[in-house]
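K.L.:
Okay, here's the structure, questions in a sec.
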Amino acid sequence: MEMKLLHQHLYLNFSIVVLLRSLILIISCMSVSVNCLIVINRAKSNDRLALVAFKNGITEDPLGALSSWNNNNDSLHFCKWKGVTCSHRHPNRVTRLDLESKSLAGSISPHIGNLSFLTDLILSNNSLNKDIPQQIGRLFRLKHLNLSRNILDGEIPSNISRCSNRIHLDISQNNLVGSIPDELGYLSNVKVLWLQHNNFSGEIPTSLGNISTSLTHLGLGYNNLDRIIPNTLSQLTRLKFLDITSNKLSGIVPSSLYNISSLEVFSLMFNQLHGTIPFDIGLTLPNITSFSVSGNSFTGIICQFIQP
């Protein structure tokens with residue numbers, strides 16, 4: 001009898017322990033689920049609020065591009081707003097904002113930096129003004145930034161280099177001023193760098209030569225850049241397009257620049273450059289289709305290998 005009671009007692013204690021462990025596990029799972037739900041809802045709220053803040057910075061929308069962007073939580077989900085694309089893998093996270101050629105006027109809200117999953121920000125061909133917000137430097141996943149053909153002013157945010165995944169950067173045809181920051185040379189993955197048609201001054205950063213393994217297109221034309229062409233540009237061994245037209249550059253062209261065999265377009269027109277054009281550039285630039293150097297003080301003859 002005593003043994004039977006002991007077994008019953010032990011079984012009861014074991015059952016209680018199992019029950020307690022199960023309750024702890026259930027509570028833990030519930031806690032994790034609640035925390036995950038809080039994180040998801042917070043992310044959803046942050047992205048929606050960032051888009052609303054962007055809309056609030058727009059002063060003119062004649063085409064009604066943002067008419068579907070309603071502030072009401074119960075209306076159309078923000079992932080279905082015009083120009084907005086969300087992630088399939090991470091629901092409620094905005095990955096692309098494309099409002100190209102929508103005739104939008106106003107400024108870019110600093111809250112754009114809260115769209116932390118953004119990979120593509122395309123706002124080209126509008127009438128956006130004021131400066132490029134520093135908060136864009138917080139978009140670590142950004143690969144494609146196109147703010148071209150607006151009326152943006154101010155300087156390039158130096159922290160833009162934090163977006164190391166960036167492949168395409170186009171801020172051409174604006175009213176940007178100041179020097180080109182050295183930090184752009186740390187965009188190790190950038191392939192296209194369009195900075196032309198602005199009011200940049202100072203020298204061409206030597207750091208641009210650091211982008212030797214990726215950069216294929218470099219546009220610096222129609223600015224106020226001065227001093228010499230840095231020899232480090234010759235390190236851009238994958239460069240296909242080089243445009244430094246209409247600046248205030250002086251001195252001679254580094255001879256190594258004529259040896260970038262991948263170059264197809266080479267334009268140095270309307271600067272204050274001088275020196276002799278190598279007689280063998282048809283051999284050192286075998287892929288060249290456009291070689292434009294007028295408006296300088298060069299001597300020499302462009303050989304017959306160059307296409308007209």
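K.L.:
On the accessible surface of segment 60-187, probed at 1.4 Å, how many percent belong to carbon and sulfur atoms?
P.N.:
Working: 2450 of 5680 Å².
Carbon and sulfur together cover 43 percent of it.
K.L.:
Given a 1.4 angstrom probe, what's the average accessible area per residue across segment 70-151, in square angstrom?
P.N.:
Numbers: 3800 Å² over 82 residues.
Value for segment 70-151: 46 Å² per residue.
K.L.:
Under 12 Å from a point placed 7 Å out from the Cα of residue 134 along the Cα-to-Cβ direction: which residues of segment 150-187 have their backbone N that close?
P.N.:
What the label zone holds, given the 12 Å backbone N cut-off, is 157-160.
K.L.:
Let me ask another. Would you check the accessible area of residue 172, probe 1.4 Å, heavy atoms only, in square angstrom rounded to 10?
P.N.:
Near enough 10 Å² of accessible area.
K.L.:
Roughly how many Å² of residue 237 are accessible to a 1.4 Å probe, to the nearest 10?
P.N.:
Number for this one is 90 Å².
K.L.:
Using the structure shown, select from 143/248; 130/191; 130/240; 82/130; 80/102; 82/240 the pairs with a Cα to Cα distance greater than 29 angstrom.
P.N.:
143/248; 130/240; 82/240
K.L.:
Continuing with the same structure: Long-range amide H contacts for residue 131: which residues qualify at under 5 Å (H placed 1.01 Å from N, peptide plane, sequence gap of 5 or more or a different chain)?
P.N.:
Amide H neighbours of residue 131: 153.
K.L.:
Compute the accessible area per residue over segment 220-298, keeping the other protein chains in place, probe 1.4 Å, unit Å². Working shown, then result.
P.N.:
Details: 3440 Å² over 79 residues.
Counting only protein heavy atoms, the per-residue value for segment 220-298 is 44 Å².
K.L.:
With a ≥ b ≥ c taken as the square roots of the eigenvalues of the C-alpha gyration tensor of segment 41-193, please select rounded if a/c is under 1.5 and otherwise prolate if a/b is larger than b/c or oblate if it is not? List each step's numbers first, then the result.
P.N.:
Working: a/c = 2.02, a/b = 1.33, b/c = 1.52.
The shape class here is oblate.
K.L.:
Next question, about the same structure. List the chymotrypsin sites (Phe, Trp or Tyr not before Pro) in segment 129-225 that DSSP assigns to loop (not H, G, I, E or B) and whose Cβ has at most 15 other Cβ atoms within 10 Å. Which are they? Don't skip to the answer; put the middle values down first.
P.N.:
Numbers: sites: 140, 186, 194, 200, 222; in loops: 140, 200, 222.
When the chymotrypsin sites (Phe, Trp or Tyr not before Pro) of segment 129-225 are filtered for loop state and at most 15 Cβ neighbours within 10 Å, 140 remain.
K.L.:
Remind me, relative contact order of segment 90-220 in percent, using alpha carbon pairs under 8 angstrom and six or more residues apart? Walk me through the numbers before you get to the answer.
P.N.:
Details: 350 pairs, mean separation 23.4, N = 131.
It rounds to 18 percent for segment 90-220.
K.L.:
Determine, for each peptide in 209-219, 271-281, the mean count of other beta carbons within 10 angstrom over its residues, then list the peptides with the highest first. Walk me through the intermediate numbers first.
P.N.:
Values: 209-219: 18.7, 271-281: 15.6.
Per-residue mean Cβ counts within 10 Å order the peptides as 209-219, 271-281.
K.L.:
How would segment 215-259 be classified by its alpha-carbon gyration tensor: rounded, prolate or oblate, with rounded meaning a/c under 1.5 and the a/b versus b/c comparison settling the rest?
P.N.:
Details: a/c = 2.45, a/b = 1.27, b/c = 1.93.
Here segment 215-259 falls in the oblate category.
K.L.:
Mind running the shape call on segment 103-209? Use the C-alpha gyration tensor, a ≥ b ≥ c as the square roots of the eigenvalues: rounded below 1.5 for a/c, prolate if a/b tops b/c, oblate otherwise.
P.N.:
On the way: a/c = 1.63, a/b = 1.08, b/c = 1.51.
Oblate is the answer for segment 103-209, as a/c is 1.5 or above yet b/c matches or exceeds a/b.
The values are calculated or read from the model by the stated rules, or taken from the named source; none is laboratory data. Owing to the predicted nature of the structure, the values given are computational and were not obtained by experimental measurement. Backbone-built Cβ (ideal geometry, glycine too); neighbour counts: all protein chains shown. Accessible surface areas use protein heavy atoms only, side chains included; no ligands, DNA or RNA. Shrake-Rupley method; radii C 1.70, N 1.55, O 1.52, S 1.80 Å.
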